[in-house]
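Just below is one structure, and these are the notes that go with it.
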Amino acid sequence: MVDTPIIESTKNPRVKAAVKLRKAKNRTETGRTIVEGYREIGRAFESGWNFIELYYCPALYLATDEDRLVEKIVQSGVPAFPCSEDAFRKMSYRDTPDGMMALSPLVGKKLGELDLPENPLVLIAEDLEKPGNLGTILRTADATGVDAVIACDHKTDLSNPNVIRASIGTLFFIPVAEATTAETLQWLADRGIQSLAAVPGADREYTEVDMRGGTAIVVGAEDEGLSEHWKNNATRRVGIPMLGKNDSLNVSTAAAILLYEAVRQRRQAAKP
């Protein structure tokens, strides 16, 4: 294992620096965030993600292959630091940490850095506040083969450790970007990508719209839905039938329904 002195004190400067990264302001100022968890770190490393530092605590391991993953990361040139249980728990933001944490550059590209194929499928999430919802949406985007995810006018950033956790590390395999609604609308127009705004009471159901060409599915905040800007400027509004008393679905559920319809249409079109 790594021949480095164990970080034992909860007042160690490295421990304090990691704790500060729980706040968005400090993540922005330092250009760093936290990736915690064996599965999340493993997926990020598999994707080719470049970590800054690695921290590990064998006393908290829950799986059986952590030491091998630590060695692989160390061999790639990442500095690694063993920690006492107290020091690691101080850094961790989880109730039940599994003994692996890495410092990472911030996640997210600019719109101009996204490299899309012909007829891309894009997911746009506007003004989301709950990290869990954004992370779940990223998992769905990975499952449906989305070509890019764009967070517009976000209240929670893509580099929030809880977003990374809720995505189970899948966001490291998806091109993701952050932008304003105005920037995103212009970007879509420049590329001839239609935008479908998911809104209650739309005059057309989502199954009635052709999603085989370049398409962006747009979903909005958990409480208020999409802004008027998106409602008024998207290519068209689409709705999901609501047959009970409730008039809307959780944003991550709505995104999954719409994305899988796009997948269905595209796979059907590809059949001989």
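Quick notes
- Only residues that are of a type in the set (V, I, T) and over 20 Å from N250 (Cα atoms) were counted across the range 177-229, and they come to 6.
- Residue count, the range 102-146 (criterion: among the hydroxyl-bearing types (S, T, Y) and farther than 14 Å from T253 by Cβ): 1
- Condition check for A221: in contact with a Leu (Cβ under 8 Å, 6 or more places away or on another chain), under 16 Å from S195 (Cα atoms) and either touching a residue at least 60 places away in the same chain (Cβ under 8 Å) or surrounded by fewer than 16 Cβ atoms within 10 Å (Cβ to Cβ) (or both): no
- In the range 169-196, the residues that are closer than 18 Å to D153 by Cα and free of Cβ contacts under 8 Å to residues at least 40 places away in the same chain reach residues that are surrounded by 19 or more Cβ atoms within 10 Å (Cβ to Cβ) and of a type in the set (D, E) with C-beta atoms within less than 8 angstrom, at least six apart or across chains, in these pairs: T180/D153.
- Residue list for the range 115-160, restricted to those being of a type outside the set (S, T, N, Q) and either outside the structural domain of A216 (by TED's automatic domain parsing) or part of a helix (DSSP H, G or I) (or both): P131, G132, L134, G135, I137, L138, R139, A141, D142, A143
- Residues in the range 45-56 include at least one that is closer than 20 Å to P161 by Cα, in a helix (DSSP H, G or I) and under 21 Å from the mean Cα position of the chain (by Cα).
- The strands (runs of 3 or more DSSP E) located wholly in the range 193-261 include none with 3 or more residues which are among the charged types (D, E, K, R).
- Inspection of the range 204-218 finds a residue satisfying the criterion of being out of contact with any helix residue (DSSP H, G or I) (no Cβ under 7 Å at 6 or more places or on another chain) and over 26 Å from P117 (Cα atoms).
- R68 among the basic types (K, R), out of contact with any helix residue (DSSP H, G or I) (no Cβ under 7 Å at 6 or more places or on another chain), surrounded by 15 or more Cβ atoms within 10 Å (Cβ to Cβ) and assigned to a helix (DSSP H, G or I): no
- Among residues of the range 236-255 being surrounded by fewer than 20 Cβ atoms within 10 Å (Cβ to Cβ) and under 25 Å from the mean Cα position of the chain (by Cα), the one that is nearest to A221 (Cα to Cα) is N250.
- Of all residues in the range 164-189 being of a type in the set (S, T, N, Q) and either buried (at least 23 other Cβ atoms within 10 Å of the Cβ) or assigned to a helix (DSSP H, G or I) (or both), the one that is farthest from the chain's Cα centre (by Cα): Q186
- Hey, D86 surrounded by fewer than 18 Cβ atoms within 10 Å (Cβ to Cβ) and either in the same structural domain as L69 (by TED's automatic domain parsing) or closer than 24 Å to T181 by Cα (or both) or not: yes
The values are calculated or read from the model by the stated rules, or taken from the named source; none is laboratory data. Quick caveat, the model's predicted, so the values are computed rather than measured. Note that we place each Cβ from the backbone using ideal geometry, even for glycine, and neighbour counts take in every protein chain shown.
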